[in-house]
Amino acid sequence: MQVLNLAHASLYMLGAYLCFWVSSLLSQAAGSFWWSLFAAPLLVAVFGGILEAMLLRRIYDRDVLDQFLLTFALILIIGDLCKLAWGVEYHTVDTPWPLDGPVIFGGLVFPKYNLFLIGCGPLLYVCLWSLINKTRLGSVVRAVTYNRDMASALGVNVSWVYTGVFMLGCWLAGLGGALVAPMSAVMPGMDMVVLIDCFIIVVIGGLGSISGAFLGSIIFGLVTAFGILVAPRLAIAFGFILMIIVLIIRPWGLMGKPE
Amino acid sequence: MILRVEKLKKTFGGLTAVNDVSFDLMEGELSSIIGPNGAGKTTLFNLLTGHIRPDEGRILFKERDITGFQPDRVCRQGIGRSFQRTNIFPKLTVFENVQVAILSIRRKSRSLFSTASRMLVGETMEILESIGLAEKRNVTAGLLAHGDQRLLEIGITLGTNPELVFLDEPTAGMSPEESWKAVELVQRLARERNLTLLFIEHDMEVVFGISEKVRVMHLGSILAEGTPEAVRADEEVQRIYLAEET
Amino acid sequence: MMSEFLKEMKSGKWIAVLVCVAAFALLPIVLQEGYLSLVNEMLILAVAACGLNLMMGYAGMVSFGPAGLYAVGAYTTGLILVYTKIPFWLALAAGPIMAGVVSVVVGWFCVRLTHVYFSLLTLAFSQIIHTILFEWYDFTRGDDGIVDIPVPSFLSSITHYYYFSLVAICVCLFVLWKIVNSPFGKTLQALRENPERTEFIGINVRRYQLAVFIISGVFLGIAGALYCGFNKNVFPDFADMMKSTEMIVVCLMGGIYNFLGPVVGSVVYMFLDKLISSNTHYWPLVLGCVIIALLIFMRGGVVGFVSEKLAPRGEERG
């Protein structure tokens, strides 16, 4: 969409909080986590849609500075709103049945839930990739990103497409947050951690490329893991160094296209 | 001879934009390049001014090889250029637009602590007067009428004190009346400052009215070269232009 | 627009400037120490923002990571004072010098890129600086920061330090003002407006961009070093994204194409900050709303907004 959105990380955090909130509301019912996993991303998507229609829509044609600032402002606001609503303390979500407990595989112990997450990643990637590249809806989206005016002349309601794509992005961010909730504590500040990581990953992979983001996250994961082995303290710096190298050699990212 | 172009070639991907172009420009010559859209005219200009690097061939300016020079260096050799789309500094005043060019060419731009507004005022005003914008010197350039912006563009180019100027469609978007004024201005300036001019132009009246020599480009090559009369009579040129129109 | 501004400066505006400086000089008589240190902090922020504005407003290079260089200045001065016996003045001078050296390296990479990529790269570098300050515990004392930095006794009182930094800040602003109005400053503005055309009036674009990156870095370093002496403690969050955003917001709040914009911006910003922080914990929430309001309703910042309202219609707009 060619919009620099830092607030994505906040939507991720919001997803985690909502997942916690819904599952604690439904704590009596069976499968409460699965209900919240369904509900939380949807709520985030609705919230994102409202944001897009009210604020982001106004800054598409502005320069990056404005986009940076506006979305950073949203980070501040959403962060504080979460604190207001759920307090500053940690929250946890129980690992859901049937994925609680470990599985033993070749003498190594894995938590089932982690394996589930590992499976989710590629699945989502495949779904998203085929949505963008194989469906009619996807071709409309690509047409709009490629040439707004042309698409609009062909009768595509451009602003609805933008809202839709943005909501899809929010849904994904919310889903990510909800999925991660049982694994780690839900707390203020979790947005900043992913913000920086996402940022590096997207830049490495190439702005506007889903395959790039997927590849980027694998490379980033490997490099960080390597960094932790070699120099634990400077592990984060490795990510940035990687990003700088990519930016200098191929500013448009590994899978992106040059302008 | 002020400029010699030898077998210039540039391809983008599989497409040959400029193919084996060679020509010479004499000092004080007023000549033009015409050709249908996509013939490679602007690419040729971009090659000559260092914005893109040729794959093959050489460019000699006053017998010095300037092939592969960066644009700022090409400009310092004494080659000026105006652009197809109006290319000025919209938020600076008319005066400052021309002044930055003169400052740069006089190597004053690096000065950190002198006050710019008092420098080279005479030189700047002289150029503004010769392009007829002296009275509008304090107007923000972006607010000028389109025709005046085109004139200012020429003024900026003059500020770099060139001997050879490439003009990329100087009359684009002008009314016929404005066009003629601009053409007269360009002719007068060329005489006064002893400039060599090469321009790309679409307006055939303008081209045949003022050029001493016309070159026709088609599909990246120079197809015909000669006096306006000779080119107009050339059968192949007629064929291309007729094909273009139908 | 600039040359008109200059004319106004000649007639009468100098007097206004002198009155302003005199007013600041008299403040310690009127104000309590608490408020005085607030004013001091505000002035230091103004220097940082003006340094950033030289690059962002005048040269059009949007940096997302100015806080990195600011922190380099602050840490250099702080570390020298804590670890060595080098006199205070030299340590203070070392901050900007180090910031300049770091900007040479960072800038050398950054000016190779344009638009959003330039901005992203500045952000990446400032995050690296932050990581180093945060994680290199043995040297920078990580999260604990460097505390109790020794400052000469005659500067330890708030009033004395205020006068000292007021002088330093006036000098900085004067130098910046000279730069903005110099041929170099004009060339930067041309560069912002139209890099392609600037190249073809014989300007080596990258070299000028690198130069302004370094100059801006030095001023950020000066601000950092001054703040280090003022606060006597430095922390890694001097380099974080929040601090960078603060500087950008200050520039934007005041008006980015205006020389004094960042100064006005820092006054407004600090005022809001203290006013809100003393009443609620949710300063970020309010700041976020302020930023959004700025972006949507007041594109030119406070100065731009006021001059737009005052200016006769149809003139001066670009």
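So the values come out like this:
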{"quantity": "Count of residues meeting criterion [more than 22 Å from residue C:66 (Cα to Cα) and buried (at least 24 other Cβ atoms within 10 Å of the Cβ)] in region C:198-235", "calculated": "5"}
{"quantity": "Meets criteria (over 22 Å from residue A:11 (Cα atoms), modelled with pLDDT of 75 or more, in a helix (DSSP H, G or I) and away from chain C (no Cβ under 14 Å)) for residue A:245", "calculated": "no"}
{"quantity": "Flag for residue C:193 being within 27 Å of residue C:291 (Cα to Cα) and within 10 Å of chain B (Cβ to nearest Cβ)", "calculated": "yes"}
{"quantity": "Boolean, residue C:132 is without any contact (Cβ under 8 Å) to a residue 12 or more places away in the chain, within 14 Å of another protein chain (Cβ to nearest Cβ) and either outside any helix (DSSP H, G or I) or out of contact with any helix residue (DSSP H, G or I) (no Cβ under 6 Å at 6 or more places or on another chain) (or both)", "calculated": "yes"}
{"quantity": "Candidates A:88, A:109, A:103, A:156 - the one that is touching a residue at least 12 places away in the same chain (Cβ under 8 Å), out of contact with any helix residue (DSSP H, G or I) (no Cβ under 7 Å at 6 or more places or on another chain) and not in a helix (DSSP H, G or I)", "calculated": "A:88"}
{"quantity": "Residues of region B:77-114 satisfying the condition of being farther than 28 Å from residue B:146 by Cα and in contact (Cβ under 8 Å) with a residue 12 or more places away in the chain", "calculated": "B:77, B:106, B:108"}
{"quantity": "Those helices (runs of 4 or more DSSP H) lying entirely in region B:74-190 with at least 1 residues away from every other protein chain (no Cβ under 11 Å) and out of contact with any Phe, Trp or Tyr (no Cβ under 7 Å at 6 or more places or on another chain)", "calculated": "B:121-130, B:146-159"}
{"quantity": "Conditions (1) buried (at least 24 other Cβ atoms within 10 Å of the Cβ); (2) at positive phi; number of the one not met by residue B:101", "calculated": "(2)"}
{"quantity": "Residue check for residue B:11: buried (at least 17 other Cβ atoms within 10 Å of the Cβ) and either among the β-branched types (Val, Ile, Thr) or away from chain C (no Cβ under 11 Å) (or both)", "calculated": "no"}
{"quantity": "Selection from region B:154-183 of residues that are at pLDDT 85 or above, under 17 Å from residue B:129 (Cα atoms) and surrounded by fewer than 20 Cβ atoms within 10 Å (Cβ to Cβ)", "calculated": "B:161"}
{"quantity": "Residue in region C:255-267 that is surrounded by the fewest Cβ atoms within 10 Å (Cβ to Cβ), counting only those that are in contact (Cβ under 8 Å) with a residue 60 or more places away in the chain and more than 14 Å from chain A (Cβ to nearest Cβ)", "calculated": "C:267"}
{"quantity": "Residues that are small (Gly, Ala, Ser) and either at the interface with another protein chain (Cβ under 7 Å from one of its Cβ atoms) or outside any helix (DSSP H, G or I) (or both), drawn from region C:109-129", "calculated": "C:119, C:124"}
{"quantity": "Residue check, residue B:49 within 14 Å of another protein chain (Cβ to nearest Cβ) and either in contact (Cβ under 8 Å) with a residue 24 or more places away in the chain or within 17 Å of the chain's Cα centre (by Cα) (or both)", "calculated": "yes"}
{"quantity": "Residue in region B:127-141 that is buried (at least 22 other Cβ atoms within 10 Å of the Cβ) and within 22 Å of residue B:33 (Cα to Cα) present", "calculated": "no"}
{"quantity": "Per-region count, region A:63-87, residues among the small types (Gly, Ala, Ser) and within 7 Å of chain C (Cβ to nearest Cβ)", "calculated": "2"}
{"quantity": "So residue C:272, is it modelled with pLDDT of 90 or more and either closer than 29 Å to residue C:17 by Cβ or not small (Gly, Ala, Ser) (or both)", "calculated": "no"}
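The values are calculated or read from the model by the stated rules, or taken from the named source; none is laboratory data. Bear in mind that the values here come from a model prediction, so they are computed numbers and not experimental data. Note: ideal-geometry Cβ built from the backbone for every residue, glycine included; neighbour counts use all protein chains shown.
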